[in-house]
């Protein structure tokens, strides 16, 4: 797998190069760059499959690298190397973009390499990178990239009505009556969407969006939520207080 490393700090490039050599025999480091302009020339010259890209560099940031490429040229995957705050990391996760947090750790790099090998075969990096740039600038209208057997689907988070668990699967119910079946447990989406105040877990099988609820019917053991679509979800007794507290704050 042909890679390049882009970082303005020579020590950081050397460390990543050494870690890659230790962890992955199939990695070929085809070159290094210390800024975005050098990286653009290097990418066009060696045609890498993966770019390890620092975000915070003098001049152009790593996030601006795509501005120098036309659509047909983006055939590489990007692994961002970052010391960014949590919101940026959340945007990476929503966009299914791989990232490493400084200081680098061997286990995290190894996990990223496993995922990146799969993504190189899919050749869908451009769409996910576009989603990342959008998510970084427009938090209230974010998009969630969801993994499918053949690639990714892209869902506006505001369109998610609720997510329902069914063993190791999740059903994402969207406005308009559409639903998606994903081979991820509910815990995956609960973790992914926890920074969005509108989502709350109301049952071990339901994660709901407060903005699509029309009514709540209280019962002795919990209750029932009615959504704008007419669909419903059960509220378990041990989740009821958290749900009602968040619903009151949203009202």
Could you tell me which of the residues 165, 91 is in contact with a helix residue (DSSP H, G or I) (Cβ under 8 Å, 6 or more places away or on another chain), within 30 Å of residue 231 (Cα to Cα) and assigned to a strand (DSSP E or B)?
165
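Restricting attention to region 112-139, and to residues there that are part of a helix (DSSP H, G or I) and over 15 Å from the mean Cα position of the chain (by Cα), which single residue is modelled with the highest pLDDT?
First, pick out the residues of region 112-139 that are part of a helix (DSSP H, G or I): 112-122, 125-137, 139.
Checking which are over 15 Å from the mean Cα position of the chain (by Cα) leaves us with 113-114, 117-118, 120-122.
Values: 113: 92, 114: 89, 117: 88, 118: 81, 120: 81, 121: 74, 122: 69.
Restricting to residues being part of a helix (DSSP H, G or I) and over 15 Å from the mean Cα position of the chain (by Cα), the top hit is 113.
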For region 140-155, check the following and say yes or no: at least one residue is surrounded by fewer than 16 Cβ atoms within 10 Å (Cβ to Cβ), part of a strand (DSSP E or B) and out of contact with any helix residue (DSSP H, G or I) (no Cβ under 8 Å at 6 or more places or on another chain).
yes
Scan (1) more than 17 Å from the chain's Cα centre (by Cα); (2) part of a helix (DSSP H, G or I) for the single condition residue 187 breaks and write down its number.
(1)
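Please go through region 205-224 and give me each residue that is under 30 Å from the mean Cα position of the chain (by Cα), without any contact (Cβ under 8 Å) to a residue 40 or more places away in the chain and either surrounded by 12 or more Cβ atoms within 10 Å (Cβ to Cβ) or not assigned by TED's automatic domain parsing to the domain that holds residue 161 (or both), ordered by number.
In the first step, residues of region 205-224 are kept if they are under 30 Å from the mean Cα position of the chain (by Cα); the result is 205-214.
Imposing the further condition that a residue be without any contact (Cβ under 8 Å) to a residue 40 or more places away in the chain reduces the set to 213-214.
213, the sole residue that qualifies.
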Sole exception among (1) surrounded by fewer than 15 Cβ atoms within 10 Å (Cβ to Cβ); (2) out of contact with any strand residue (DSSP E or B) (no Cβ under 8 Å at 6 or more places or on another chain) for residue 91, by number
(1)
Based on what the data block shows, is residue 65 part of a helix (DSSP H, G or I), under 19 Å from residue 95 (Cβ atoms) and in contact with a strand residue (DSSP E or B) (Cβ under 8 Å, 6 or more places away or on another chain)?
yes
Within region 190-199, considering residues that are outside any helix (DSSP H, G or I) and touching a helix residue (DSSP H, G or I) at 6+ places or on another chain (Cβ under 8 Å), the one surrounded by the fewest Cβ atoms within 10 Å (Cβ to Cβ)
197
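The values are calculated or read from the model by the stated rules, or taken from the named source; none is laboratory data. Please read these numbers as outputs of a predicted model, since none were measured by experiment. Note that each Cβ is placed from the backbone with ideal geometry, even for glycine, and that neighbours are counted across all protein chains shown.
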